[in-house]
Amino acid sequence: MIEQDVVVVGGGMVGAALAAGLGRAGLSVTVLENHMPPAFEASQPLDVRVSALSVASEALLERLDAWEGILSRRAVPYLGLETWEIESCITRFHASQVGADHLGHIVENRVVQLALWDLLSTLDSVTVKAPVKVMGFERLVDGDAICVALDSGERIKAKLLVGADGANSQVRAFAHIGVTGWDYAQSAMLINIATACEQQDVTWQQFTPQGPRSLLPLPGNNASLVWYDDASTIARLAKLNHSELAEAIRAHFPARLDPDFRVLDKGHFKLTRRHAQRYFDANLVLIGDAAHTINPLAGQGVNLGFKDVDVLLDEIVSALKQGESWHAQPVLERYQHRRWRDNQLMMSTMDAFYASFSNDLLPVKLLRNAALRLANLDGPVKRQVLKYAMGLK
């Protein structure tokens with residue numbers, strides 16, 4: 001049996017970031033991932049799965065020495081955020097309003113993962129096993145540990161088992177940790193397009209009664225569109241060829257989108273909300289989507305996951321320095337205490353936006369447009385909203 005301090009189930013962006021931090025802190029870590037990310041080549045098409053990394057997430061990745069690996073592949077900074085329902089009520093946020101040179105970067109998820117895996121390969125204390133399938137878990141009666149069984153026949157004993165394995169977490173199920181949540185009535189389609197415009201630096205979103213229509217800048221003359229709508233509409237759109245989908249986009253997206261574009265790639269997914277009833281158990285902790293999935297309305301999902309990583313690393317490293325049992329319940333309780341409220345607040349805020357802008361009653365419509373006008377006024381409120389969006393609050 002292999003003995004390790006930590007086993008991280010899930011080697012995606014969040015799991016890999018935690019493994020890097022724990023490895024740099026001197027702990028022995030094994031990362032288990034069932035998919036090998038394809039190697040990066042600059043000539044490859046852009047992936048359809050992208051994230052809007054906040055300044056706070058960038059800072060974490062920089063501290064882990066992974067940020068340079070991201071920038072050396074491809075990423076695009078965005079300087080502004082704009083949102084509206086009607087053209088006369090556009091709310092504009094810009095990095096200059098808080099003295100920053102950018103608000104974040106749009107990056108392909110695979111690029112972030114690969115940069116982190118590059119880092120893991122340099123750490124002697126970290127082992128990555130991929131592709132591998134986890135067959136089961138067992139609490140060892142003779143020690144303070146959990147054993148992980150793999151399809152290779154290997155068994156790994158760990159003082160701490162980390163669930164970074166997504167919304168349908170095996171680790172969470174093993175610990176019998178329940179979830180609260182629901183499925184939203186809408187689905188979302190991600191669409192990569194090539195535009196006639198130069199590289200853009202503002203991400204925008206228009207609210208419609210059917211759901212938001214959004215644009216995220218991508219490197220070069222490319223962009224990512226996000227189309228929210230009822231599940232049946234998204235399912236129908238998913239069956240269209242690229243030319244037909246482009247025509248549908250021109251008919252339903254705002255005039256802000258230059259009509260001179262072509263569709264490159266597409267994907268779609270259902271919108272769900274899930275929140276684990278607790279984030280830890282004996283010798284076990286949940287991070288990222290294993291702990292919470294959020295309406296992607298403001299693109300905060302992965303940023304919440306990186307905040308989990310930042311706090312859990314802080315608590316474990318502090319415990320190590322103080323000679324405390326770093327994997328014991330008090331440490332994991334402190335992590336949960338620091339993250340629970342922030343995650344719950346963000347989830348509830350996104351739900352409030354979703355409910356408000358899905359409602360076409362006139363009084364509600366007047367109220368939300370008044371709120372957008374108010375949010376557009378330069379002042380302390382606008383600066384606080386911007387700092388929260390950047391992950392600095």
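The values are calculated or read from the model by the stated rules, or taken from the named source; none is laboratory data. Every value quoted in this text rests on a predicted model; they were computed, and no experiment measured them. So basically every Cβ, Gly included, is an ideal-geometry build from the backbone, and we count neighbours across all protein chains shown. The protein model used for the area step is the full one, side chains on, heavy atoms only, and it has no ligands, DNA or RNA in it. Shrake-Rupley method; radii C 1.70, N 1.55, O 1.52, S 1.80 Å.
A few remarks follow.
- Cα gyration tensor shape for segment 189-250, rounded if a/c is under 1.5, else prolate or oblate: oblate
- Fully extending the segment from residue 282 to residue 337, taken as 0.36 nm per residue of separation minus the present Cα-Cα distance, adds 18.2 nm.
- Extension gain for residue 324-residue 176 works out to 50.6 nm (0.36 nm per residue, less the C-alpha to C-alpha distance).
- On the basis of the beta-carbon distance and an R0 of 22 Å, residue 123 and residue 314 show a calculated FRET efficiency of 0.70.
- Rolling a 1.4 angstrom probe over the chain with all protein chains present gives an accessible area of which 54% lies on carbon and sulfur atoms.
- Net charge, residue 281 excluded, C-beta distance under 10 Å - Lys, Arg +1, Asp, Glu -1: +3
- Solvent-accessible surface (1.4 angstrom probe) belonging to residue 182, in square angstrom, nearest 10: 120
- Rg and Dmax of the chain, based on Cα coordinates, read 21.5, 68 Å.
- Note, ³J(HN,Hα) from phi for segment 208-223, Karplus 6.51, -1.76, 1.60, rounded to Hz, x at Gly and Pro: 10, x, 8, x, x, 10, 10, 10, 10, x, 10, x, x, 8, 10, 8
- Shape category assigned to segment 237-276 from the gyration tensor of Cα positions, a/c cut at 1.5: prolate
- Using only side-chain charges placed at the Cβ, +1 for Lys and Arg and -1 for Asp and Glu, the dipole size of the chain relative to its Cα centre rounds to 820 debye.
- Of the DSSP H helices in the chain, those whose Cα atoms cover at least 24 Å axially and whose Kyte score averages -1.0 or more: 301-321, 329-357
- Residue 90 versus residue 138: modelled label distance in nm, points set 7 Å from Cα along the beta carbon direction: 6.3
- Label-point separation in nm, residue 44 to residue 72, each point 7 Å along Cα→Cβ: 1.6
- Area accessible to solvent at residue 197, 1.4 Å probe radius, in Å²: 40
- If you run the Gaussian network model on the chain, springs between alpha carbon atoms under 10 Å, then out of 254, 77, 209 the most flexible one is 209.
- A cut-off under 14 angstrom between Cβ atoms defines the neighbours of residue 170, and their net charge, with Lys, Arg +1 and Asp, Glu -1, is -4.
- Entry comment: accessible area of the chain is 44 Å² per residue, from protein heavy atoms only and a probe of 1.4 Å.
- Using a Förster distance of 41 Å, the FRET efficiency for residue 230-residue 36 (Cβ separation, nearest 0.05): 0.70
- Residue 185-residue 239 FRET efficiency (beta carbon distance; Förster radius 25 Å; 0.05 resolution): 0.80
- Residue 268 long-range amide H proximity, modeled H, under 5 Å: 190
- Within the assembled protein chains, the solvent-accessible surface assigned to residue 346 is about 10 Å², based on a 1.4 Å probe.
- Count of Lys pairs (Cα-Cα under 17 Å; at least 8 positions apart or interchain) in the chain: 7
- Heavy-atom accessible area ranking, 1.4 Å probe, most first, across 106, 2: 2, 106
- Between 110, 250, 236, the Gaussian network model of the chain with springs among Cα atoms under 10 angstrom shows the greatest mean-square fluctuation at 236.
- Accessible surface, 1.4 Å probe, highest first, among residues 337, 102: 337, 102
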